[in-house]
Amino acid sequence: MTGYPSDPRSYFVHNASAPLRDEAREAMIAALEAGANPSSVHAEGRAGRRLIEDAREEVAALVGATPAEVVFTSGASEANNWVMAAGWQRIHVYGFEHESVLAPIRASGAEIEELPVESDGTADLGDFARRVLAAGTQPPRTLLTLQMANSETGVVQDVAAASAFAREQGIAVHTDAVQAAGRLAVDFHDLNVDCLTISSHKLGGPMGVGALVIRDGLMVPSLIKGGGQERRRRAGTENVAAIAGFGAAARVARGEVADMTGLGQLRDWLAAGIADILPDAVVIAGQSERLANTLSVARPGELAETSVIKLDLAGVAVSAGSACSSGKVGASHVLAAMGVDERLARSTIRLSLGWSTTADDVEALLERLARLRATGSRRVA
């Protein structure tokens, strides 16, 4: 490589949005060419409906659900908002949840039980159990929401264990599986949860489409009203092309889940290389069970925003925390919930790998990081 930014760029922000897969693009083009309202009864409409139902089967298969349990939405944020607005009287929640969970909870009017997070990024399930048992009874409409994996640290939560206890106590359970789907084996029924959120563009599908998986019998009133689409659970003409792309991405991702070894090896090579170049670098939650694709690392003394800009100018895309929260001033709420020192938190960047990441990408990042290190950098206290 002769220099940058003319060299090919390397992309390490799959947790924000994975590049569109060829299979998804082709499915979308075919759907756009077919173009018809899928609610219509004529042949063209039935063809559009078939595309939606085929995609529904693929998405259901990815998360171990039945097609009837999958409701398409405009994305994971809508799905999370939908669940949190379902008339709960009490909601148990951890501080590391995505803002699309936390914000609607704050606006819901429900009694909020914010639960503690361990320093390694895992949920303190023991505290949750003690609180529930000490309270004796829970209101009839009580919810626990617990993500499967964190977008910033990659830490994986024991959702099945939490759900087993919660359901015994009459508490409904929601899990945000946006980062887990396609990277971990996800089975809606084995998790024993009541509803599950998934996103298309984290898998390499298009943006603007996601799904909420809802257990049969759970009362989740419609958030968007005015039509009979999605079995009368979500009004509005479906985005056929986006849904078709989502289904194609889900099909390919399901074939990749069984073996994340290669991705994990790239992640570990990247972590080791960063440690060699920056001996003072700190891996966040490095001893916890994490997604194979996610590395959260801090460089004490340099603001995360500074690191992101330097690497961007050098031809490498990384992020400072969740892309949905970019532009905010201050430390990550996820790291704050873990009790990470604010100065360290403000220096933390996220590198997330995915289906398009190659060994060349890792080598390029490390080479450019070493070059930046050699030329010196302005450190921000």
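The values are calculated or read from the model by the stated rules, or taken from the named source; none is laboratory data. Predicted model only: the values in this text are computed from it and were never measured. Using ideal geometry, Cβ is built from the backbone for each residue, glycine included, and neighbour counts are taken over all protein chains shown.
Return only the number of the condition from (1) assigned to a helix (DSSP H, G or I); (2) farther than 29 Å from ASN150 by Cα that ALA242 does not satisfy.
Failing condition for ALA242: (2).
What are the residues in region 107-156 that are farther than 18 Å from ALA336 by Cα and of a type in the set (D, E, K, R), if any?
First, pick out the residues of region 107-156 that are farther than 18 Å from ALA336 by Cα: 107-112, 125-145, 148.
If the condition is that a residue be farther than 18 Å from ALA336 by Cα and of a type in the set (D, E, K, R), then GLU111, ASP127, ARG130, ARG131, ARG141 are the ones that fit.
Do you know which residues across region 87-119 are in contact with a Cys (Cβ under 9 Å, 6 or more places away or on another chain) and surrounded by 20 or more Cβ atoms within 10 Å (Cβ to Cβ)? I'd like the intermediate steps shown before the answer.
Residues of region 87-119 in contact with a Cys (Cβ under 9 Å, 6 or more places away or on another chain): 98-100.
Residues satisfying the conditions are HIS98, SER100.
Conditions tested, residue by residue: (1) under 30 Å from ALA31 (Cα atoms); (2) at pLDDT below 95; (3) not assigned by TED's automatic domain parsing to the domain that holds LEU102.
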position	(1), (2), (3)
ALA250	yes, no, no
ALA281	no, no, yes
SER288	no, no, yes
SER326	no, yes, yes
SER347	no, no, yes
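Would region 125-140 turn up any residue that is out of contact with any Ser or Thr (no Cβ under 9 Å at 6 or more places or on another chain) and buried (at least 23 other Cβ atoms within 10 Å of the Cβ)?
Scanning region 125-140 turns up no residue that is out of contact with any Ser or Thr (no Cβ under 9 Å at 6 or more places or on another chain) and buried (at least 23 other Cβ atoms within 10 Å of the Cβ).
Hey, any hits in region 266-284 for a residue that's surrounded by 15 or more Cβ atoms within 10 Å (Cβ to Cβ) and over 30 Å from THR375 (Cβ atoms)?
Applying the first criterion (surrounded by 15 or more Cβ atoms within 10 Å (Cβ to Cβ)) to region 266-284 yields 266-267, 270-271, 273-274, 277-278, 281-284.
Subsequent filtering for residues that are over 30 Å from THR375 (Cβ atoms) retains none.
Looking through region 266-284, none of the residues is surrounded by 15 or more Cβ atoms within 10 Å (Cβ to Cβ) and over 30 Å from THR375 (Cβ atoms).
Tally up the residues in region 1-60 that are more than 24 Å from ILE349 (Cα to Cα), β-branched (Val, Ile, Thr) and modelled with pLDDT of 95 or more, please. Outline the logic, then answer.
Start the filter on region 1-60 by keeping residues that are more than 24 Å from ILE349 (Cα to Cα), which leaves 1-2, 21-60.
Retained after the next criterion (residues that are β-branched (Val, Ile, Thr)): 2, 29, 41, 52, 59.
Next, only the ones that are modelled with pLDDT of 95 or more stay: 29, 52, 59.
Result for region 1-60: 3.
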